Each structure stands twice: as C-alpha cells, then as structure tokens.
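What follows is a short report on a single structure.
The values are calculated or read from the model by the stated rules, or taken from the named source; none is laboratory data. None of these values were measured; they are calculated from a predicted model. All Cβ positions, even for glycine, are placed from backbone atoms using ideal geometry, and neighbour counts span all protein chains on display.
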Amino acid sequence: MSGRECAGRAGRWLDVVAALPQWMRLAWWGLVEPRLPGRPPLVVHQAVVIGPEGVLLALREELRGWELPGGAALPGESGEQALRREVLEETGVEMGEMHCVAVYERSGFRPHVARIYRCDYRSGLPAPSGETPAVAWFRPDEVPDSLFPWFRGPLADGLAAHPQPVTRRESQGFRAIAAGMRIDLAMRVKPGAS
C-alpha cells in the first residue's frame, strides 16, 4: 500500500471518529429533545421534485446519506412556503406546482409528522449548500442505495402521485437507526459510495 493510500484510509477513519460527537447530538435530537416538556409536535414538509432528469435528492451533511429536500416551517410560514424556501436553500432549485400526496405520522426516534409533496421542477441548477454538500438528479429506478430508508416510502408516494393524500403510520425504531448509521459509515469510509 502506498503512502497516499495509507493516508487516505487513515483520513477516512479519522472522519468516522470525528462523527462521534455528531452522532451523540443526533441521539439527543432524536431521543431526548422531542420528549422535553413544552415541545410542540414537529411537522416537516418534504419534496419529491420531479424534473426532466428524474428526482432531486440532497446529501445530508451531519448524517451522510441521500434524502428528500425539505424542512420545518418558520413562524408565520405555511407548509408550502416553507417547502419552497427549504428546497431553494438546500438545492438551488425552484419548484412549480406542488400537491400533498402523503402524510407520515412517525413515532419512536424523533416523533414527527412528515407532509410529502409531489413538486414540479421550475428552474435552477442543483447546487450544494451548507446543509447539503451534494445535490443530484436520479432516475426513479436508479436511486442510490444510500438513500435513507425512511425516504423510500415517501419517494414512492410522490412518484405515485396520489390524487388525495394517503396517511401512513410508522415507528422509527432500532432498525431505522441502525440502517441510517450503516449508510453514514459507508459514505464516510468509502468516498463516492452511493
């Protein structure tokens, strides 16, 4: 093994060690914070953006893996306004028409409600941001293996384009946490893995 390969491998493992504090913050965020007294229920809005090149996905920064862009509304913002803002901030892409296709009621790790919207691409080139180090279009039949599993159902619902929103109930337990950590580790240890 050459010196460069050795240094590259050591650097990747240092990246894994450096992730430990991030994982601890994520554990607090998902297990403790939502259960603190007075915390309002979390509602997030996620976009299945359909464009000529496929479906838009964003690479998450702190837990590395691909996800649907989106986020929570700011005070005074509607879900649709929040989604437009979040997608533009995270990806550089503006959306056209959108409609809600699913509502996920999730318990367990980070209990929340996720409203899933099917959105038409309007303009802009995918560009990374501080929250998303990579943004890319993927053909629906070629989404990366490193798409977090809790986004697979919402992606399928967005592609199905239900005329009325469907409601789904899920529990995010140990299996979901382990799958997320496996994806994160693979992305850190094997750069370019998908």
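Of all residues in the range 139-166, those that are closer than 18 Å to residue 61 by Cα and exposed (fewer than 14 other Cβ atoms within 10 Å of the Cβ) total 1. Out of all the residues in the range 32-41, is one or more out of contact with any Leu (no Cβ under 8 Å at 6 or more places or on another chain) and crowded, with 16+ Cβ neighbours inside 10 Å? No; the residues of the range 32-41 include none that is out of contact with any Leu (no Cβ under 8 Å at 6 or more places or on another chain) and crowded, with 16+ Cβ neighbours inside 10 Å.
Of the conditions (1) within 15 Å of the chain's Cα centre (by Cα); (2) not in a strand (DSSP E or B), residue 74 fails just one. Which one is it? Failed condition: (1).
Being within 17 Å of the chain's Cα centre (by Cα) and at pLDDT 95 or above is the requirement here; does residue 165 meet it? It would help to see each step written out before you state the result.
Details: within 17 Å of the chain's Cα centre (by Cα): no; at pLDDT 95 or above: yes.
No.
Residues in the range 167-187 that are surrounded by 14 or more Cβ atoms within 10 Å (Cβ to Cβ) and farther than 22 Å from residue 25 by Cβ: 168, 170.
Select from the range 85-115 the residues that are out of contact with any helix residue (DSSP H, G or I) (no Cβ under 9 Å at 6 or more places or on another chain), surrounded by fewer than 20 Cβ atoms within 10 Å (Cβ to Cβ) and outside any strand (DSSP E or B) and list them in ascending order.
Of the range 85-115, the ones out of contact with any helix residue (DSSP H, G or I) (no Cβ under 9 Å at 6 or more places or on another chain) are 85-92, 96-97, 99, 103, 105, 107, 113.
So of that shortlist, the ones also surrounded by fewer than 20 Cβ atoms within 10 Å (Cβ to Cβ) come out as 85, 88-89, 92, 96-97, 99, 103, 105, 107, 113.
Within the range 85-115, 85, 88, 89, 92 qualify.
Of the candidates 3, 54, 8, 38, the single residue that is at positive phi and at pLDDT below 85 is 38.
Considering every residue within the range 174-181, establish whether at least one is modelled with pLDDT of 90 or more and touching an Asp or Glu at 6+ places or on another chain (Cβ under 6 Å). Scanning the range 174-181, I find no residue that is modelled with pLDDT of 90 or more and touching an Asp or Glu at 6+ places or on another chain (Cβ under 6 Å), so the answer is no. Residue by residue through the range 116-153, note down the ones that are of a type in the set (D, E, K, R) and either under 13 Å from the mean Cα position of the chain (by Cα) or assigned to a strand (DSSP E or B) (or both). Correct list: 118, 120, 122, 131, 152.
Only a single criterion out of (1) in contact (Cβ under 8 Å) with a residue 12 or more places away in the chain; (2) over 21 Å from residue 181 (Cβ atoms) is not satisfied by residue 155, namely (2).
Checked against (1) of a type in the set (A, V, I, L, M, F, W, C); (2) under 22 Å from residue 184 (Cα atoms); (3) modelled with pLDDT of 75 or more, residue 103 meets all criteria but (2).
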